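**Student:** This is the structure, below, for whatever I ask next.
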Amino acid sequence: MPVATRRIFVALVICAATLTACFTTPRPTASAPCVTDKTRELTIRWGTQDDSLNVIDVYRMNTKGEIFHYRGRVAETVPDEYLLHIDQSEYCASASSVNACFLKTQALSTGARKTRFVEYFNPATDVYLRAAWNPDLQTFQSRDMRKEYDQLMSLISK
């Protein structure tokens, strides 16, 4: 490779690294301002589970607004990977919305080969809520959770 070409290549690599560093923000180190002592361990999970294939596609959001993702075999412990983080005010709105939806819906568990779900898990208060429904059906009972699921999925696409 000629010297001039090598210099241009090195300059492009340095520019790309600099641009990447400028446009990526560091992961949050503290919980969102809406988080209290009782909700500091709150976890919100959502995704799709296919029982016939024993596969799950799940997203997990913690109180810092970090979102993790796992797709693979269903297991008790899921080795998820960091995906992205959202603005903490957006986290507060999402957590409040999920909580309100569970208070409104109370119970939703539709058995199917393939299910969509939303979970609200708070170990500090020993609360575990799970709503599951068949994604192929648009039932009256699942309408609020389907809307919530879509809102959570929109966090991923931003």
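**Student:** Give the residues of the stretch 132-147 that are closer than 17 Å to Asp51 by Cα and crowded, with 17+ Cβ neighbours inside 10 Å, sorted by residue number.
**Tutor:** Selection gives Ala132, Trp133.
**Student:** A follow-up question, please. If only one of Tyr120, Tyr59 is at pLDDT 95 or above, assigned to a strand (DSSP E or B) and closer than 18 Å to Asp144 by Cβ, which one is it?
**Tutor:** Details: Tyr59 fails: closer than 18 Å to Asp144 by Cβ.
When all the criteria are applied, what remains is Tyr120.
**Student:** Does at least one position in the stretch 48-61 carry a residue that is closer than 17 Å to Asn122 by Cα and among the polar types (S, T, N, Q)? Talk me through it step by step, then tell me what you get.
**Tutor:** Going through the stretch 48-61, the residues closer than 17 Å to Asn122 by Cα turn out to be 59-61.
With the extra rule that they be among the polar types (S, T, N, Q), the set shrinks to none.
No, every residue in the stretch 48-61 fails to be closer than 17 Å to Asn122 by Cα and among the polar types (S, T, N, Q).
**Student:** Residue by residue through the stretch 44-70, note down the ones that are closer than 13 Å to Ala132 by Cα and aromatic (Phe, Trp, Tyr).
**Tutor:** Passing the criteria: only Trp46.
**Student:** For the structure I just gave you, tell me whether Leu108 is modelled with pLDDT of 80 or more, under 25 Å from Lys158 (Cα atoms) and in contact with a strand residue (DSSP E or B) (Cβ under 9 Å, 6 or more places away or on another chain). Walk me through it before giving the result.
**Tutor:** On the way: modelled with pLDDT of 80 or more: yes; under 25 Å from Lys158 (Cα atoms): no; in contact with a strand residue (DSSP E or B) (Cβ under 9 Å, 6 or more places away or on another chain): yes.
No.
**Student:** Sticking with this one: Being over 14 Å from the mean Cα position of the chain (by Cα) and of a type in the set (D, E, K, R) is the filter here; which residues of the stretch 57-93 pass it?
**Tutor:** If the condition is that a residue be over 14 Å from the mean Cα position of the chain (by Cα) and of a type in the set (D, E, K, R), then Arg73, Glu76 are the ones that fit.
**Student:** Any chance you could count how many residues in the stretch 33-56 are assigned to a loop (DSSP other than H, G, I, E, B), over 16 Å from the mean Cα position of the chain (by Cα) and of a type in the set (A, V, I, L, M, F, W, C)? Spell out the reasoning first.
**Tutor:** Filtering the stretch 33-56 for residues assigned to a loop (DSSP other than H, G, I, E, B) gives 33-36, 40-42, 51-54.
If we keep only those that are over 16 Å from the mean Cα position of the chain (by Cα) too, we end up with 33-36, 40, 51-54.
Narrowing the set further to residues that are of a type in the set (A, V, I, L, M, F, W, C) leaves 34-35, 53.
Number satisfying all stated conditions: 3.
**Student:** Take the residues in the stretch 127-141 that are outside any strand (DSSP E or B) and free of Cβ contacts under 8 Å to residues at least 24 places away in the same chain, then tell me which one is farthest from Trp46 (Cα to Cα). Before you say what the answer is, go through the steps one by one.
**Tutor:** Initially, the stretch 127-141 is screened for residues outside any strand (DSSP E or B), giving 134-141.
If we keep only those that are free of Cβ contacts under 8 Å to residues at least 24 places away in the same chain too, we end up with 138, 140.
Working: Gln138: 18, Phe140: 20 Å.
The extreme case among them is Phe140.
The values are calculated or read from the model by the stated rules, or taken from the named source; none is laboratory data. The model shown is predicted, which means the values in this text are computed figures rather than measured ones. Backbone-built Cβ (ideal geometry, glycine too); neighbour counts: all protein chains shown.
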